Amino acid sequence: MHGWGQWYVLAAAAVVGGCLVCGGRSRVWAVIALLSVVEVAAAVGVARTQDTASWLVDQVVVVLAVFAALAGAYRRLRREFVEQGWAHARDARLHERARIAADLHDTLGHDLALLSLQAAGIQVTARDPETRTKAAVVRAGSAAAIETVRRIVDLLDVDADADVATVLGRAREAGMALEVRGTVPGGALVARLVTEALSNAVRHAPGAPVTVTFTGRRVRITNPVPEPAATGRPGTGLVMLSARLEQAGGSLTAGVTDGVFQVVAEVPADLDQDGGRLDDDYRSRRRRARRMLAGTVVIPFAVLLVMATGFYTWAVRDASMEERAFAGLWVGMPQTAAIRVLPGRQAPVRLDGPSRPGCRYFTDGNYPLAYGNYLVCFSGNRVSRLEDRTGRNR
């Protein structure tokens, strides 16, 4: 093996190990570089020493290195797919929790808030003291139920998923004095924001008019509050929404100014599409992993194919002999006459080792080695031996 002995074994192990590591770290070009160096060294070695056995050993090392790179890539991709699968499962579980909590928040929570508003209206307009007392009890019970819903939603720590126009329509149907300015946008988070602000208005300022203004991605919700509620703090729902918006690059402010409670939010344009973005991101990562796997498999073999084709082109150049030309030779033929028929150079690859004294090797163009399978020997200026190793009968 190139006369290196144990050093050759160590070098081959280093190449295989390097390809394993590079494949595991997606270093495709490093694998290509290692294989290219091995192939170039093998081609130079066989051209200089005519040691075809060592060249074949080099090819075995290249094949082992390719499979080592594929094994490393497989382990890496398998690990990534497992991690992505678990992440996708967690995202799906959280999304389902979000959907359940959204239904609870939007239907039950908001309806209870509107029920409280209606009970407050009855409490104010009823003439019978007993009716007013019962309306007050209904209002207090609905307020307690609203707080229970809020605690459940806070425990789940999820977002609501409703339509903005539907939320506004339900509020009007319940008797809320509601004024809407601007174009009503879509988006689950905007619906959650409007729902939370209207619920706060019902809870802290029942009967007060509410103005909702949409300007691009800005949402502004205002309502006057009675003096006792002027020092109240934003509810936990608004606090959660504020934290969510800040993490995504938006903002939310809420507070009382001159007896008017207002909520102003800047909503990022792509924040309402989190669920779709999660699915798109997972599909994108899966496509990227497939491309990486295809590249790891195809590129090394393509490089080997190109190099083998290049070696074959070099090996058969002026060294290929046709069968009929070899059939025109005979033992005892003058050397000068035979040389006129023979190709200009010998085949660089011989399966039986270095050339025999006085013998020349030529190829019939076998791919990819193009090894010399026509043997022509001279002695005393005449052809002394002809050997056809192609396996075809002359």
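The values are calculated or read from the model by the stated rules, or taken from the named source; none is laboratory data. These numbers come from a predicted model, not from an experiment. Virtual Cβ from ideal backbone geometry, glycine too; neighbours counted across all protein chains shown. For the accessible areas, the whole protein counts, side chains as well, though only heavy atoms, and no ligand, DNA or RNA atoms are used. Shrake-Rupley method; radii C 1.70, N 1.55, O 1.52, S 1.80 Å.
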I need the full set of residues from segment 323-351 which are open to solvent by 40 Å² or more (accessible area, probe 1.4 Å) and in contact (Cβ under 8 Å) with a residue 24 or more places away in the chain, in order please. Glu323, Ala327, Trp330, Val331, Pro334, Gln335, Thr336, Gly344, Arg345, Gln346, Leu351
Going by the conditions given, is Leu108 among the aliphatic types (A, V, I, L, M), more than 30 Å from the chain's Cα centre (by Cα) and either modelled with pLDDT under 75 or surrounded by fewer than 19 Cβ atoms within 10 Å (Cβ to Cβ) (or both)? yes
On the basis of being touching a Lys or Arg at 6+ places or on another chain (Cβ under 6 Å) and small (Gly, Ala, Ser), does Gly372 make the cut? yes
The number of residues in segment 168-190 that are aliphatic (A, V, I, L, M) and at pLDDT below 80 is 3
Meets criteria (open to solvent by 70 Å² or more (accessible area, probe 1.4 Å), more than 44 Å from the chain's Cα centre (by Cα) and either modelled with pLDDT of 75 or more or at negative phi (or both)) for Thr131: no
Go through (1) surrounded by fewer than 18 Cβ atoms within 10 Å (Cβ to Cβ); (2) modelled with pLDDT under 75 for Ala101 and report which single condition fails. (1)
Within segment 348-390, track down each residue that is farther than 22 Å from Val44 by Cα and among the hydroxyl-bearing types (Ser, Thr, Tyr). Tyr374, Ser379, Ser384, Thr390
Examine segment 340-354 for a residue that is of a type in the set (Asp, Glu) and assigned to a strand (DSSP E or B), and state whether such a residue exists. no
Condition first: open to solvent by 30 Å² or more (accessible area, probe 1.4 Å), more than 53 Å from the chain's Cα centre (by Cα) and free of Cβ contacts under 8 Å to residues at least 24 places away in the same chain. Can you find one or more residues in segment 365-378 that meet it? no
